[in-house]
1. Name the long-range amide H neighbours of A:Gly65: under 5 Å, sequence gap of 5 or more, or other chain; modelled H, no Pro or chain starts.
2. Report the net charge of residues surrounding A:Asp263, where surrounding means a beta-carbon distance below 14 angstrom and charges are Lys +1, Arg +1, Asp -1, Glu -1.
3. Counting pairs of alpha carbon atoms under 8 Å apart in space and at least six apart in sequence, what relative contact order in percent does chain C give?
4. For A:Ser30, what residues show an amide H to amide H distance below 5 Å, using hydrogens built from the backbone and excluding near sequence neighbours?
5. Given the DSSP H assignment, sum -39500 (n - 2.57) over each helix run of at least 4 residues in chain C and divide by its residue total; what's the result at 222 nm in deg cm²/dmol, nearest 500?
6. Taking the Cα atoms of segment B:63-261, report the difference between the largest and smallest coordinate on each principal axis, in whole Å and largest first.
7. Pick out the long, greasy-scoring helices in chain C: whole DSSP H runs spanning 24 Å or more along their own axis by Cα, mean Kyte-Doolittle at least -1.0.
8. Kindly express, to the nearest 10 degrees and within the range 0 to 90, the angle between helix B:65-97's C-alpha long axis and the longest C-alpha principal axis of chain B.
Amino acid sequence: MTASGIVFGEVNHTYRPMRGRPVLALDGVSLEVKEREFVALLGPSGCGKSTLLYLLGGFLPVESGSISVGGKPVVGPGPDRGIVFQNYSLFPWKTVKQNVLYGLEKQRMPKAEREKRAHELIELVHLNGFEDSFPSQLSGGMKQRVAIARTLAIEPETLLMDEPFGALDAQTRTLMHEELLAIMRRTPKTVVFVTHDVREAVYLADRVAVMTARPGRIKEIVDTRPPHGDRVNYINTPEFTAKVDYLWNLVRDEAIRAQEAHDA
Amino acid sequence: MTTTNNVFVRYLPLLLLAILWEIAPRLHFVDPSELPPLSAVAKAWWSLLLDGEGKTWLSPFLNGSLWTNGVSSFINWFFGLGGSILIGIALGVMMAWSRTVEDVASPLVKALYPMPKSALIPVMILWLGLGAGSKIASIGLSCLLPVILSAYNGARGVDQTLIWSAQACGANQREVLWEVILPGAMPDILAGIRNAIAISFIVLVASELLVGQRGLGYLISFLGEGGVYDAMFAVVITVSALGFFADRAYLYFMRRTLVWRE
Amino acid sequence: MERVNSLWKRRLLRSSSVILLAVAWEWGARMHFVSDFLLPSLSSVLVRLWQDIVSGDLLVGLGLTMARTFAGFAMAAVVGVVVGVTIARLRFVRWFFDPIVSVGNPLPKIAFLPIFILWFGVFDWSKIAMVAFSSVFPVVVATWAATENVDKYVVWSAQSLGVSRRALLWQIVLPSAMPGVFTGLQIALPISLIVVIICEMTMGGEGLGGSMMTSMRFADSPGVFSGIVAIAIVGSLLVKAMELIRRRLLVWHAESAR
């Protein structure tokens, strides 16, 4: 088992609302993520991909099956698995700098070191000059960059991302893709990235795991590494389009199935 | 709601009403024994302020009716409201934090909510006598529920992903409570406190009108019974002004604390 | 299995805490942990309440209190809605009333009670005037906001369909403002009740508040507690009644579609 390799072993999860019947969200999900690999979880709404991410993050208890990171089972949230949410989840009462500093304060890093590191990260995400702004004063893209900076500050080995660019407009999203890839080149990490956008998955990930409609299972895993290691130009090639088509066809059936289950 | 930005124009109607208050009794449009002219009220206010006896030059003020009764009212108000804020926030957040506390406390809170809290004043008098104790308890109990509810709703309304983000940054349970839930609940809590401040004034005046020998409410009824109506009006205006400025001051404090909301 | 058990445990806790409290009250009083004077037993309070109902005393007091409450509330409702709508639509009226409402809202209006007694005497009219004075403010504020914030797109749609100014007001604006206006009324009614109780306590005589004060003066603690129970029941009945009326009146509104 590699240092931050992730192993999902036959993970089941049942969602139990206060009122109503329990629902099986995940059914026997097994998946391996190698160290420093970028894996995308792709599937229709309600397939449980976010749930799987939250189980990995330790925010939901693993009741059936096993999840281990670096050989150790997941028992709760921790700074080894940083998370970025779709709604940015910045502390609205803290400034940009205070948000980025939060994880470092929890690590009990000495003050001078913290300040330096926070400054580095704010620069990394191109938000110089906004250190003392509040989240309410920032655009969506800027907020997401603060969220990424905050998470990267504590140098987690694994990065969990739950549809992080879903709330952004198409142009900002494209820019954020490029920024994320640049950051990953500088500080490679193990990434588990949840999305329902097929192109985004193919563009960013090394492998894409397609999930079925609820109850979620792994349908198929597709290799999406660019043939010459160059993602930026890959996006315009016919190989890219072929990959996207292939994956879309896999997802399409599940999307229809999810739609029918919803209407039923 | 739209209003003009010019302060003078905005409050001009009040100036006009003040002028009317002066003129109408003087010209006998209304009975001046029932509505003394504004100038008489102002004069009465001034003499109340300085009607104390004593040797030092400050004595007329410090021993004067307004100051002594004002201090008495302030003590009742401060401890009643202060207690309800501290206990209310603690209870409300606890109810949101711990399922057991919520299961035990929330049916009680829901049952007590529609009851007019001022009905508790006689019980408090029964238990704690005619003095400050019953008034502080009455104010405290009346203000407690709005603060509990706002703290509860505020704490429950904190986004789950905020809590998870803090945990992924390495925060433990205690840190999540103090550094995420409490600040996250602040907007609701501060709004609930504004409500509680208004209630505290009402219960303060009501309890002092009812029983006791001290306080601004007592002073109003004492002057009324004595037929000294211009002084009575003066104290009513004083109490109203205190309520008004307390609200305005608090609003200013609230806006500055929540400056991050934009 | 563990989780299902805890779900039932929770449901049990919720429904039983009020019952447990009642039982604890009764037991504690019977055990004389505190004197009968301070905490009469729940049973003695309920018995007393029953006696008052049977003798008719409670109904007389209740009737008086309710009559004063509704009289004051009705006045506040009518005046408040009319003033609120007019403020929203006529600039001069808005200019005149805006500072009055803005300054008047946070005032502890109960302080004016001795003034009202001076003006209207010690019987019902001073109480009713006090209630109206206290309750009119939330109605004005709610009505003003609701009328001013009517969805302008709805208004534009109506105007492009050729509606007259009069019809616009009565058929479009007022119905749109109804939810907000009704919320103001829902806030004002409990205020009316509280103010009546306080007035009755201060001025004595008949009525739920007055009889509670009389009981207090005679150190008749079951009487005081039964008064509280009666007022609490009345308070929650009024709130529930308003909710029911709201659901029927606003049956078209999204919030009723639950």
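1. HN-HN under 5 Å from A:Gly65: A:Asn12.
2. Values: positive: A:Arg214, A:Arg257; negative: A:Glu260.
With Lys, Arg at +1 and Asp, Glu at -1, the neighbours total +1.
3. Working: 264 pairs, mean separation 58.3, N = 258.
Rounded, it is 23 percent for chain C.
4. For A:Ser30, whose amide H was placed from the backbone, the distant partners under 5 Å are A:Glu10, A:Val11, A:Ile218.
5. Details: 10 runs with 201 residues, N = 258.
Helices in chain C give a 222 nm mean residue ellipticity of -27000 deg cm²/dmol.
6. Its Cα atoms span 69, 36, 26 Å along the three principal axes.
7. On the way: long enough: C:2-30 (39 Å, -0.06); C:57-89 (48 Å, 1.60); C:124-148 (35 Å, 0.96); C:174-203 (41 Å, 1.64); C:221-249 (42 Å, 1.17).
For chain C, where a helix must reach 24 Å along its axis and average at least -1.0, the hits are C:2-30, C:57-89, C:124-148, C:174-203, C:221-249.
8. So the helix axis and the longest Cα principal axis differ by about 20 degrees.
Only the coordinates and a few stated rules stand behind these numbers; no lab work does. Keep in mind that this is a model prediction, so the values were computed, not measured. Every residue, glycine among them, receives a Cβ derived from its backbone with ideal geometry; neighbour counts consider all protein chains shown.
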